[in-house]
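Single-structure report; data block below.
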Amino acid sequence: MASAPSVYAAEPACPILAHSLLAKPESKIPDTGDLVHEAGQNDDWNLKDDWITGTQTNNTGVFRCGSVIGFSRLRSRSKDTDEYIGQIPRYLLTSHLLRIDASSEPTAFIIYPSNFDALAPRLLLNALQSLSEGPGLSREEALRHLDAVQLLPVQTLPNAAQAIGNVSESLKEIHEKRQAQQRDTPAEPTQPVILIVVGLDTLAEGVIRASNPVRGTALLAATLRNLTRMARAYASWLSIILINTSGLGPAYFDATQPPDSNQTRTPNDEDARPSGDDGIHSIFQTPGSSLLSTLLMKTLDQGIDTHIMVSDVKATQVAEVIKDRIGTGLGKWGIWSPKR
């Protein structure tokens, strides 16, 4: 009878490096270069798909009706120009005008300081002609699309609040007219209407300088509440876009960190966040800084459902959803090309 083999006579196991038994750590915040490199692998994150789709009457897209959408720039990583912050909203507006059917009712309202140039009629006209497919729109055809846009220039925050009230009356008339049409032709689709309001943050800063912070933030909060009520009242067809012109983050442009630098936040930087963290952050944000650094910015953000921040990363303009209160777009981002 053969004896059982001794356990001490067994051959030693092959050596294994200890690090090979460890699972590779998953970084919550990927490197910016990797984000750009992987642009074509998974489009679920790509905000570009949403702005190409444009304003939607359903709840699946970022640019949906029934919500207040805010565009802000990152002060330390962006250019302080009207054109810089106004390009994507202008694209959304002009593509919207090309999609809708011609009608006698207005389909877009723009409330803006008279010195804001990014939504000037000449630029809207050029954008309409450059966006159209095929042979392109003639000047006369583009002008007919612009007839559906109402411009309301303002100088102060009370002026803007009054203009919003005037738009509210127009929207009420549109709503009543559409209700009557729905009774006659129930299958008629409801066309979205866009309201763009520019520079409420800068106008509120003017009130603060002339009076005090309490008055400025109180007027801003009341104006934002009116916009929210309008968005909810006509949730099936009204989209409200705020273009904020003063910017988020530190109130200066850091010359030592050019817009094309690649300094993204890492998980270890979470410890560097200041006390009183507001929960609004970006992967393109300078570590340890706060996007909502003032009471005015915090008040503005409270009135926004979907907040989109525009900044420069490696000389590329990027738009990122830093807040989405009523949707699932948080964290989406896209590379914006002005040539479109």
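Each reported figure results from applying straightforward, stated rules to the coordinates on display, with no laboratory input. Predicted, not measured: the structure shown is a model, and the values here were computed from it. Because the Cβ atoms are built from the backbone with ideal geometry, glycine has one as well, and the counts that use them run over all protein chains shown.
Some observations on this one:
- Derived scalar couplings ³J(HN,Hα) [segment 148-159; Karplus, 6.51 cos²θ - 1.76 cosθ + 1.60; whole Hz; x for Gly, Pro]: 7, 9, 9, 9, 10, x, 9, 10, 9, 5, x, 4
- Cut-off under 5 Å, modelled amide H: who pairs with S78 long-range: D312
- Couplings 3J(HN,Hα) for segment 229-244, derived from phi with the Karplus relation 6.51 cos²θ - 1.76 cosθ + 1.60 (θ = phi - 60°), are 4, 5, 4, 6, 5, 10, 4, 7, 8, 10, 10, 10, 10, 9, 10, 8 Hz, where x marks Gly and Pro.
- Phi angles across segment 48-64 convert, under the Karplus curve 6.51 cos²θ - 1.76 cosθ + 1.60 with θ = phi - 60°, into 3J(HN,Hα) values of 4, 4, 6, 6, 6, 5, x, 5, 10, 7, 8, 9, 8, x, 5, 8, 9 Hz, Gly and Pro given as x.
- Each Lys or Arg adds one and each Asp or Glu subtracts one; over the other residues with Cβ under 9 Å from the Cβ of H307, this totals -1.
- Equivalent ellipsoid, segment 137-198 (semi-axes from 5 times Cα gyration tensor eigenvalues, Å): 26, 20, 8
- Burial order of peptide ranges 199-211, 171-183 (average beta-carbon count within 10 Å, highest first): 199-211, 171-183
- Amide H contacts under 5 Å for V68, placed H, 5+ residues apart: D305, T306
- Three-way shape label, segment 115-253, alpha-carbon gyration tensor, a/c 1.5: oblate
- For q = 0.11, 0.15 Å⁻¹, Debye-computed log10 I/I(0) when each Cα of segment 97-164 counts as one equal scatterer: -0.31, -0.54
- Per the Cα gyration tensor, segment 290-340 maps to an equivalent ellipsoid with semi-axes of 22, 14, 9 Å, ordered largest to smallest.
- Net charge over other residues, Cβ less than 10 angstrom from the Cβ of I69 (K, R count +1; D, E count -1): -1
- Cα-based shape type of segment 184-241, given that a ≥ b ≥ c are square roots of the gyration tensor eigenvalues and the cut on a/c is 1.5: prolate
- A cut-off under 11 angstrom between Cβ atoms defines the neighbours of Y234, and their net charge, with Lys, Arg +1 and Asp, Glu -1, is +4.
- Long pairs among K48/K314; K79/K332; K172/K332, criterion Cα-Cα beyond 24 Å: K172/K332
- Amide H partners (placed H, <5 Å) of F109, local residues excluded: Q150, I194, L195, I196
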